[in-house]
Amino acid sequence: MKSSTYLLAKKQNRQKITALTCYDYPTAVIEDSAGIDIFFVGDSVGTNILGYDSEMEVTMDDIVHHLKAVRRGTSQAYILADMPYASYETPKQALDNAKKLLLHGANGVKLEGDREEVIRYLVEHGVEVCGHLGLLPQTQQEKAVQGKSFAAAKELIEVALILEKIGIFMLLLEMIPEEVGQLISEKLSTPIIGIGSGRFTDGQVLVVNDILGITPRKLRLAKKYQDYQTLSLRAVEQYKEEVEQGVFPSEDNVRHMPQEELQKLIEWVKQSL
Ligand code: KIV
């Protein structure tokens, strides 16, 4: 099982860290077989799987449900669970909820923003915390690049340094300029994972639906490696057609009674029904 120490060593050895979101058992099995380092059981599950309009609708119960499925399919990756919106309003509430996530299979938790008091409390109680700066989907509905001005970039770097001091084990940077992602990755000894934050962070994460082409959208920050939507639609249409035309099931898909038993049954039907 990969640990935070393993992830830190990757940064120190200049090996890129690989991460993907993961929301269910079969995807966990695939990502695990591929050797992905970190599975993000993110609140992006809301818009990508549950049909919600925003990350704000995702609850602790939602995350726990998906986390448990991911845990069952994982044998090597580090599982990072999102603390959903409003689940870490106070240090005590955050710790209760983080403990719940750890109990159900997370190795660490991620929470958004400059929440020094909460993060300090979690770290003091032995929870591995990943910070999340840049675009913060739980509170920013407009998906715009963050940290483009000197002042905004400076603030991002300063907050990142503070979070490192408090003891986060990793930091996610979402949708910031490549230059700022690079500076933060160089200045911090904590592993930095980027999404839409350029080429020079210590690792990358993407939403698995985007790389597989499950969610029909085109994002500049992502790359589509498979066209699941088209392939699935084709398969479902073909199945429908074959059922309608009597092509499926075929001889290959059916089971027969032994001949003797069948004869007895036919006789019985003739005489009794
Ligand atoms: O919620 C999430 O899944 C995330 C990813 C976009 C990294 O934070």
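Condition check ((1) within 16 Å of the ligand (Cβ to nearest atom); (2) over 22 Å from TYR225 (Cβ atoms); (3) assigned by TED's automatic domain parsing to the domain that holds LEU80) across all residues:
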residue: ASN13; (1), (2), (3): no, yes, yes
residue: ILE17; (1), (2), (3): yes, no, yes
residue: THR21; (1), (2), (3): yes, no, yes
residue: PRO26; (1), (2), (3): no, no, yes
residue: SER33; (1), (2), (3): no, no, yes
residue: ILE36; (1), (2), (3): yes, no, yes
residue: ASP43; (1), (2), (3): yes, yes, yes
residue: THR47; (1), (2), (3): yes, no, yes
residue: LEU50; (1), (2), (3): yes, yes, yes
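Answer with yes or no whether LEU221 is within 21 Å of ALA144 (Cα to Cα), among the aliphatic types (A, V, I, L, M) and in contact with a strand residue (DSSP E or B) (Cβ under 6 Å, 6 or more places away or on another chain).
Values: within 21 Å of ALA144 (Cα to Cα): yes; among the aliphatic types (A, V, I, L, M): yes; in contact with a strand residue (DSSP E or B) (Cβ under 6 Å, 6 or more places away or on another chain): no.
It is false that LEU221 is within 21 Å of ALA144 (Cα to Cα), among the aliphatic types (A, V, I, L, M) and in contact with a strand residue (DSSP E or B) (Cβ under 6 Å, 6 or more places away or on another chain).
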Please indicate, with yes or no, whether at least one residue in region 106-125 is modelled with pLDDT of 95 or more, over 17 Å from LEU80 (Cα atoms), buried (at least 24 other Cβ atoms within 10 Å of the Cβ) and within 24 Å of the chain's Cα centre (by Cα).
no
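Kindly evaluate GLY147 against the criterion of being in contact (Cβ under 8 Å) with a residue 24 or more places away in the chain and either of a type in the set (Asp, Glu) or within 26 Å of ASP37 (Cα to Cα) (or both). Outline the logic, then answer.
Working: in contact (Cβ under 8 Å) with a residue 24 or more places away in the chain: yes; either of a type in the set (Asp, Glu) or within 26 Å of ASP37 (Cα to Cα) (or both): no.
Taking the combined requirement at face value, the residue does not satisfy it.
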Quick one: which of LEU212, LEU188, LEU221 is within 16 Å of ILE157 (Cα to Cα) and assigned by TED's automatic domain parsing to the domain that holds LEU163?
LEU188
Tell me yes or no: at least one residue of region 205-217 is touching a Leu at 6+ places or on another chain (Cβ under 7 Å), in a loop (DSSP other than H, G, I, E, B) and either farther than 30 Å from GLU128 by Cα or modelled with pLDDT of 95 or more (or both).
no
Considering only residues that are within 10 Å of the chain's Cα centre (by Cα) and either over 18 Å from ILE195 (Cβ atoms) or assigned to a loop (DSSP other than H, G, I, E, B) (or both), which ones fall in region 24-39?
ASP24, ALA28
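Which of the following residues is out of contact with any helix residue (DSSP H, G or I) (no Cβ under 7 Å at 6 or more places or on another chain), surrounded by 12 or more Cβ atoms within 10 Å (Cβ to Cβ) and touching a residue at least 12 places away in the same chain (Cβ under 8 Å): ASP202, ASP210? Spell out the reasoning first.
Values: ASP202 fails: out of contact with any helix residue (DSSP H, G or I) (no Cβ under 7 Å at 6 or more places or on another chain).
Answer to the selection: ASP210.
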Quick one: LYS16 ticks every box in (1) more than 13 Å from the chain's Cα centre (by Cα); (2) within 27 Å of GLU124 (Cα to Cα); (3) not β-branched (Val, Ile, Thr) bar one, so which box is it?
(2)
Quick check on TYR78: is it of a type in the set (Ser, Thr, Tyr), in contact with a Phe, Trp or Tyr (Cβ under 8 Å, 6 or more places away or on another chain), closer than 15 Å to CYS130 by Cα and within 16 Å of the ligand (Cβ to nearest atom)?
yes
Check ASN209 against each of (1) within 16 Å of the ligand (Cβ to nearest atom); (2) more than 17 Å from the chain's Cα centre (by Cα) and name the one condition it does not meet.
(2)
Residues (buried (at least 22 other Cβ atoms within 10 Å of the Cβ) and more than 16 Å from the ligand (Cβ to nearest atom)) located in region 161-175
none
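The values are calculated or read from the model by the stated rules, or taken from the named source; none is laboratory data. Since we're looking at a predicted model, the values are computed, not measured. Glycine gets a Cβ as well: all are built from the backbone with ideal geometry, and neighbour counts include every protein chain shown.
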